[in-house]
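A quick write-up on the structure given underneath.
The values are calculated or read from the model by the stated rules, or taken from the named source; none is laboratory data. In this text, all values refer to a predicted model and were calculated from it rather than measured experimentally. Neighbour counts are summed over all protein chains in view; Cβ atoms, including those assigned to glycine, are modelled from backbone coordinates with ideal geometry.
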Amino acid sequence: MAKQPKAISLMLCDQVVFEQGTQKPYLLGVFTGIAVDGFPTAPQRFDIFAALTDGMGSVTITLSVVHLETDEEVYAQRMTVKFPDPLQIVNVRIRLRQLAFESPGTYLFALMAANSEGVDEEIAARRVKVYVPDKGGST
């Protein structure tokens, strides 16, 4: 029977690289905001890293991205993660390649997993501000 995992961490970064042999994760370019040239944006390319534990069996994990000002889900991605032992930490990399932002604001990146009743519950979340930087020009 599958058991819902708990999240130790959730990070957004330019890239996650796993070292050959040891499989240690290296997070390159960790960020909490995304500066863009304008809206709508081109598809953004970055990775999400989650360290999960206490899970058991095959668990469906969902990444949901919600624009907090409108409460609209703008992206969702599902994947199955296998947990061989509840004491083991499972490192998960989620690659985003097709997420475009239609408007500025704060977005919630939430990782969801099914509980014992089969209902998705949030196990980790990170807020990210998407904005056009002030050019700081004088008139």
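Observations, loosely collected:
- Scanning region 110-118 finds one or more residues that are farther than 30 Å from Val36 by Cα and of a type in the set (D, E, K, R).
- Per-region count, region 1-46, residues in a strand (DSSP E or B) and either surrounded by 12 or more Cβ atoms within 10 Å (Cβ to Cβ) or at pLDDT below 95 (or both): 21
- Filter result (under 13 Å from the mean Cα position of the chain (by Cα) and of a type in the set (Gly, Ala, Ser)) within region 34-61: Ala50, Ala51
- Extreme residue, surrounded by the fewest Cβ atoms within 10 Å (Cβ to Cβ), among residues of region 57-107 that are among the hydroxyl-bearing types (Ser, Thr, Tyr) and closer than 17 Å to Phe46 by Cβ: Thr106
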